[in-house]
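**Student:** Before I ask anything, here is the structure I am working with.
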Amino acid sequence: MTKTLHLGQTLSFTGDPFIEGPAAATHSSRGAVLVEGGRVSATGEADALRAAHPEAIVEDHGDGLILPGFVDAHMHYPQTAMIASWGKRLIDWLNSYTFPEEGKFADRAYADEIAGRTLDLALAHGTTTLTSFCTIHPSSVDAFFEAAQARGMAGFAGKTCMDRNAPDYLSDTSQSAYDDSKALLERWHGKGRATYVITPRFSPTSTPEQLEALGALWAESPSCLMQTHLSEQVDEIEWVKSLYPQARDYLDTYEAHGLLGERGLYGHAIHLEPREADRLRETGAGLVHCPTSNTFIGSGLFDMAARVAEGQRIGLASDTGGGSSFSMLRVMGAAYEIGQLKRNPIHPAQLLWLATEGSAKVLHAEGEIGRLAPGAMADMIVLDLASTPGIAQRSAVASDIWEALFPTIMMGDDRAIAATYVAGRRMKG
Ligand SMILES: [Zn+2]
């Protein structure tokens with residue numbers, strides 16, 4: 001089997017930087033990653049691994065920083081073509097921009113085009129795994145998984161379900177949502193690198209009957225994930241309470257219908273009530289922070305310090321097209337900015353961990369993606385820490401790896417991604 005030895009700077013986590021601080025990461029200024037059969041087989045110092053594997057093909061990335069590819073834990077591939085749409089808050093943004101665009105996915109050829117475009121944009125920006133909402137059309141799920149499979153990428157996705165408060169052309173029923181989701185998960189879940197995610201959009205666009213049907217499907221298929229939205233905007237929360245008068249809070253609309261669990265992903269989770277925070281922690285559910293979306297749509301400031309102190313499981317995501325960037329670097333930068341507004345400066349080690357291992361953990365895929373360690377898939381990137389003159393002049397005077405990395409987190413974009421690999425195969429650079 002061909003062995004490829006990648007040389008460069010390396011940075012890898014041996015612990016959780018929210019618990020141990022930056023000491024949770026190990027940096028090597030001349031490290032190496034050995035790849036065999038699409039997986040990482042060894043990591044270490046360059047000289048030692050070269051001596052141990054003289055037959056390996058060497059790819060020398062110089063001063064480039066070799067990292068696991070970014071893992072985006074929540075986004076909407078059907079919204080790629082409408083990213084950066086102006087001037088609306090959540091409900092009006094959905095009605096004005098999102099629903100008409102998602103309606104176009106009745107056309108399978110359009111779905112194929114946008115799925116391919118989205119995955120290629122992701123790879124160009126160093127994101128090797130996407131977790132996506134699709135549209136109500138089952139073929140939009142096939143389009144996503146087929147495009148991911150063609151690129152060798154891990155994919156997490158599901159058919160978005162809506163049976164009220166959506167246009168007729170984007171509405172299913174509780175029965176068709178159940179039947180279509182079941183057929184799709186039987187077709188895709190566990191096939192290659194595909195993981196099916198049961199996907200009610202959010203409580204306002206599902207009847208209690210539809211949530212109940214999807215909760216029943218999740219109980220029958222517990223290895224699937226479940227994704228939805230939770231407590232994004234204050235007026236959305238009021239709407240949920242009026243639609244579900246018997247619910248204790250927003251989370252209860254999911255909990256009461258079997259849609260709260262440790263394999264559940266709850267996008268945003270900004271304005272949580274104490275009971276909601278308690279129940280999310282008790283169940284080990286995944287909270288997905290979407291900072292570029294939260295500022296773009298004007299949703300609010302996620303309280304990272306409080307959620308970390310509670311011991312919540314947290315991932316990071318672009319939420320495109322509500323999020324305004326395809327770059328997880330920009331997403332990390334926005335997480336930092338929101339932290340600053342909450343008087344909580346998030347360390348670059350923590351930002352990087354959230355975009356890789358943190359997201360992998362909410363997807364229950366840690367050890368497989370989001371980490372460069374023996375046994376993990378060789379989904380990896382090479383980061384140029386001097387990709388623009390403005391970044392280069394700052395990183396040139398850095399005194400350690402974190403100070404060298406932080407300008408790229410705050411100012412970097414796809415130009416900082418010198419190379420992207422999926423299962424050891426070069427996809428960029
Ligand atoms: Zn979303």
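The values are calculated or read from the model by the stated rules, or taken from the named source; none is laboratory data. The structure displayed is predicted, hence computed values, not measured ones. With ideal geometry, Cβ positions are generated from the backbone for all residues, glycine too; neighbour counts draw on all protein chains shown. Side chains are part of the model used for accessible areas, which takes the heavy atoms of the whole protein and leaves out ligands, DNA and RNA. Shrake-Rupley method; radii C 1.70, N 1.55, O 1.52, S 1.80 Å.
**Student:** Restricting attention to region 364-383, which residues are part of a loop (DSSP other than H, G, I, E, B) and either closer than 19 Å to Ser12 by Cβ or among the aromatic types (Phe, Trp, Tyr) (or both)?
**Tutor:** Filtering region 364-383 for residues part of a loop (DSSP other than H, G, I, E, B) gives 364-365, 367-368, 370-376, 378-379.
Passing the criteria: Ala365, Gly367, Glu368, Gly370, Arg371, Leu372, Ala373, Pro374, Gly375, Ala376, Ala378, Asp379.
**Student:** Taking the options Glu310, Glu357, Glu366, name whichever one is out of contact with any Lys or Arg (no Cβ under 6 Å at 6 or more places or on another chain) and either more than 16 Å from the ligand (Cβ to nearest atom) or open to solvent by 40 Å² or more (accessible area, probe 1.4 Å) (or both).
**Tutor:** Working: Glu310 fails: out of contact with any Lys or Arg (no Cβ under 6 Å at 6 or more places or on another chain); Glu357 fails: out of contact with any Lys or Arg (no Cβ under 6 Å at 6 or more places or on another chain).
Going through Glu310, Glu357, Glu366 in turn, the sole match is Glu366.
**Student:** Return yes or no: is Thr43 in a strand (DSSP E or B), within 17 Å of Glu368 (Cα to Cα) and open to solvent by 50 Å² or more (accessible area, probe 1.4 Å)? Can you show your working first?
**Tutor:** Working: in a strand (DSSP E or B): yes; within 17 Å of Glu368 (Cα to Cα): yes; open to solvent by 50 Å² or more (accessible area, probe 1.4 Å): yes.
The answer is yes for Thr43.
**Student:** Let me ask another. Give region 60-94 a look and list any residue that's more than 12 Å from the ligand (Cβ to nearest atom), more than 16 Å from the chain's Cα centre (by Cα) and in a helix (DSSP H, G or I), or say none.
**Tutor:** Ala81, Met82, Ile91, Asp92
**Student:** Out of Glu255, Glu236, report the one residue that is within 16 Å of the ligand (Cβ to nearest atom) and either buried (at least 23 other Cβ atoms within 10 Å of the Cβ) or at pLDDT 95 or above (or both). Before you say what the answer is, go through the steps one by one.
**Tutor:** Numbers: Glu255 fails: within 16 Å of the ligand (Cβ to nearest atom).
Just a single option satisfies the conditions, and that option is Glu236.
**Student:** If you don't mind, another one. If I filter region 393-429 down to residues being of a type outside the set (A, V, I, L, M, F, W, C) and on the phi > 0 side of the Ramachandran plot, which single residue comes out as modelled with the lowest pLDDT? Write out each step before concluding.
**Tutor:** Keep residues of region 393-429 that are of a type outside the set (A, V, I, L, M, F, W, C), which gives 393-395, 399-400, 403, 407-408, 412-415, 420-421, 424-426, 428-429.
Filter again for on the phi > 0 side of the Ramachandran plot, leaving 424, 429.
Values: Gly424: 98, Gly429: 92.
By that ranking, first place goes to Gly429.
**Student:** For Arg263, all conditions in the list (1) of a type outside the set (Ser, Thr, Tyr); (2) away from the ligand (no atom under 14 Å from the Cβ); (3) within 16 Å of Arg307 (Cβ to Cβ); (4) under 21 Å from the mean Cα position of the chain (by Cα) hold save one; what is the number of the exception?
**Tutor:** (3)
**Student:** Which of the residues that make up region 95-149 are of a type in the set (Gly, Ala, Ser), in contact (Cβ under 8 Å) with a residue 12 or more places away in the chain and part of a helix (DSSP H, G or I)?
**Tutor:** Looking only at region 95-149, we keep the residues that are of a type in the set (Gly, Ala, Ser), and these are 96, 103, 106, 109, 111, 115-116, 122, 124, 126, 132, 139-140, 143, 147-148.
Subsequent filtering for residues that are in contact (Cβ under 8 Å) with a residue 12 or more places away in the chain retains 103, 106, 111, 115-116, 122, 124, 126, 132, 139-140, 143, 147-148.
Matches in region 95-149: Gly103, Ala106, Ala111, Ala115, Gly116, Ala122, Ala124, Ser139, Ser140, Ala143, Ala147, Ala148.
**Student:** In region 266-278, which residue that is aliphatic (A, V, I, L, M) and within 16 Å of the ligand (Cβ to nearest atom) is surrounded by the fewest Cβ atoms within 10 Å (Cβ to Cβ)? Spell out how you get there, then give the answer.
**Tutor:** If we filter region 266-278 for residues that are aliphatic (A, V, I, L, M), which is where we start, we get 269-270, 272, 277.
Keeping just the survivors that are within 16 Å of the ligand (Cβ to nearest atom) gives 269-270.
Values: Ala269: 26, Ile270: 21.
Across region 266-278, the extreme among qualifying residues is Ile270.
**Student:** How many residues does region 239-252 contain that are among the hydroxyl-bearing types (Ser, Thr, Tyr) and away from the ligand (no atom under 16 Å from the Cβ)?
**Tutor:** Of region 239-252, the ones among the hydroxyl-bearing types (Ser, Thr, Tyr) are 242, 244, 250.
Subsequent filtering for residues that are away from the ligand (no atom under 16 Å from the Cβ) retains 242, 244.
Final tally of qualifying residues: 2.
**Student:** Next question. When you go through Arg50, Arg30 one by one, which is the residue that is of a type in the set (Lys, Arg) and in a strand (DSSP E or B)? Break it down stepwise before answering.
**Tutor:** On the way: Arg50 fails: in a strand (DSSP E or B).
Sole residue among the options that is of a type in the set (Lys, Arg) and in a strand (DSSP E or B): Arg30.
**Student:** If you don't mind, another one. On the basis of being of a type in the set (D, E, K, R) and in contact (Cβ under 8 Å) with a residue 60 or more places away in the chain, does Arg89 make the cut?
**Tutor:** Yes: the conditions hold for Arg89.
**Student:** Still on this structure: Being surrounded by fewer than 24 Cβ atoms within 10 Å (Cβ to Cβ) and not polar (S, T, N, Q) is the filter here, so list the residues in region 286-301 that pass it. Even if it seems obvious, please write down each step before you answer.
**Tutor:** To start, the set of residues in region 286-301 that are surrounded by fewer than 24 Cβ atoms within 10 Å (Cβ to Cβ) comprises 294-301.
Passing the criteria: Phe296, Ile297, Gly298, Gly300, Leu301.
**Student:** Can you say whether His229 is in a loop (DSSP other than H, G, I, E, B) and either buried (at least 18 other Cβ atoms within 10 Å of the Cβ) or hydrophobic (A, V, I, L, M, F, W, C) (or both), as far as the supplied structure shows?
**Tutor:** No: the conditions fail for His229.
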